Amino acid sequence: MGKSTRRLAAAFAGVCGAVLLASSGAGQAAETCFHVCLKQRMASPDIADSAIRDAMASCRDDCDEEAEARLAQSGLAEKIAACEPAPLGAEEFRKIRSASPSVVGFANAFTWEVNNVLPDKIIRRVELVTQSLGLQDVTMAASGIVAPGERGAFFVNNVADGYPAVRLTSRVKAIYACPAK
């Protein structure tokens, strides 16, 4: 791995550690499950892109398991498992989008940390749009679980990063959710 890739990996790990989102009510800062997990796994300056993507996928899976366990404790797990997520309307979409940071493209993967500010919905899936090398729009979906008042990561692996501007064309197209009650 070259010096520039090592620097990017170190910078990304630093960004992961620096991204602090205010917790509800207390005004204290708290890192998301995904960032805490990823920061621990990206300690080496000699990490390869494939190892970064594997760590991202593993962290996303671990954090989703924690979210599922919280749903099970609240008695909502079976209801959510049986729910077919529906797309959010424009107003709810804008609320989530404005409360959440931008999509991050790194190591041929995209992550999006979603802050669920909707009191009655559990976010289950997001669709991201980017462009192919042929400049055609490509839609990719990522699943996850983000309960009301929580933050969670959606991850899309192995997104071809053939030219630098592909990161600039990436955007959130739709957010899908299930009722929380």
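The values are calculated or read from the model by the stated rules, or taken from the named source; none is laboratory data. Everything quoted here is computed from the prediction, not taken from an experiment. Here the Cβ positions follow ideal geometry from the backbone for every residue, glycine too, while neighbour counts run over all protein chains shown. Note: accessible area is taken over every heavy atom of the protein model, side chains too, but ligands, DNA and RNA are not part of it. Shrake-Rupley method; radii C 1.70, N 1.55, O 1.52, S 1.80 Å.
Would you mind telling me the share, in percent, of accessible area of the range 33-179 contributed by carbon and sulfur at probe 1.4 angstrom? Carbon plus sulfur share of accessible area: 51 percent. Annotation: lysines with alpha-carbon distance below 28 angstrom to Lys181 (same-chain offsets under eight excluded): Lys79, Lys95, Lys121, Lys173. Other residues lying with their Cβ under 14 Å from the Cβ of Asp64 contribute a combined charge of -2, Lys and Arg counting +1, Asp and Glu -1.
Relative to the current alpha-carbon distance between Arg70 and Val129, full extension at 0.36 nm per residue lengthens the span by 18.2 nm. Heavy-atom accessible surface of the range 33-179, averaged per residue, reaches 49 Å², computed with a 1.4 Å probe.
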